[in-house]
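Right, one structure below, let's go through it.
The values are calculated or read from the model by the stated rules, or taken from the named source; none is laboratory data. A quick note: this is a predicted structure, and the numbers were derived from the prediction, not measured. All Cβ positions, even for glycine, are placed from backbone atoms using ideal geometry, and neighbour counts span all protein chains on display.
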Amino acid sequence: MYKAITATLSALALSLPALVLADAGHGPEFGKPGDPKKVSRTIEITSGDDMRYRPAEIAVKRGETVRFVVKNTGKVAHELVLGSMKELKAHAELMRKHPGMEHEEPNQAFVNPGETREIVWQFTRAGTVDFACTVPGHFEAGMTGKVVVSARRP
Ligand SMILES: [Cu+2]
C-alpha cells in the first residue's frame with residue numbers, strides 16, 4: 001500500500017514543477033523521522049474545525065525527538081504536515097490540484113474526524129519549523145503553527 005502510494009506520488013511529481021515534491025518533507029533543514037525509542041517528549045496537538053491547532057506554537061530543543069499526537073476534534077478531516085513554509089505552500093497547492101490525493105510521509109499525519117495519529121520527529125537544527133493543514137481551504141484559513149527549535153545549552 002505504502003509503495004503504491006509512493007509510486008503514484010512519484011508519477012505526479014514528474015508532471016509538476018520540480019519544486020513541488022522535490023524535497024518536501026525530507027530536507028535536513030528541519031530534521032528527520034525520529035526513532036520511537038529516543039522520544040523525549042510526547043506533545044498532544046488538537047486540530048479543530050475552527051482551523052486552529054492547539055497549541056499552535058511548540059518549543060523544543062535542537063536534537064530532541066518528539067512524538068506528536070495529533071487529535072482531530074472536528075467533523076472534517078485535518079492534517080498536520082511539518083516543513084518549511086515554502087514546502088507547505090507547495091504541498092497545499094498540490095492538494096488543491098489533486099483533492100483526495102492519498103499520501104503518507106513521516107513528516108505528516110492525516111487525521112480523520114475523531115481519530116488520532118502520530119508523528120515522531122527529530123529536530124536537528126535550531127530555528128523555526130512550520131506546520132500546516134494542507135486540506136484544501138484550511139491552509140488558506142490560517143491552519144498553521146510553528147515549532148521553535150532552540151540551540152541546546154552547553
Ligand atoms: Cu484542517
| request: Would you mind stating whether Ile45 is within 16 Å of the ligand (Cβ to nearest atom) and either under 17 Å from Gly34 (Cα atoms) or out of contact with any Cys (no Cβ under 9 Å at 6 or more places or on another chain) (or both)? | output: yes
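Of everything in the range 40-87, what is polar (S, T, N, Q) and out of contact with any Lys or Arg (no Cβ under 8 Å at 6 or more places or on another chain)? Give them in sequence order.
Result: Ser40, Asn72, Thr73, Ser84.
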| Lone unmet requirement of (1) acidic (Asp, Glu); (2) at pLDDT 95 or above; (3) under 21 Å from Ala141 (Cβ atoms) for Glu87 | (2)
| request: Report those strands (runs of 3 or more DSSP E) wholly inside the range 78-154 carrying at least 3 residues which are away from the ligand (no atom under 11 Å from the Cβ) and free of Cβ contacts under 8 Å to residues at least 24 places away in the same chain. | output: none
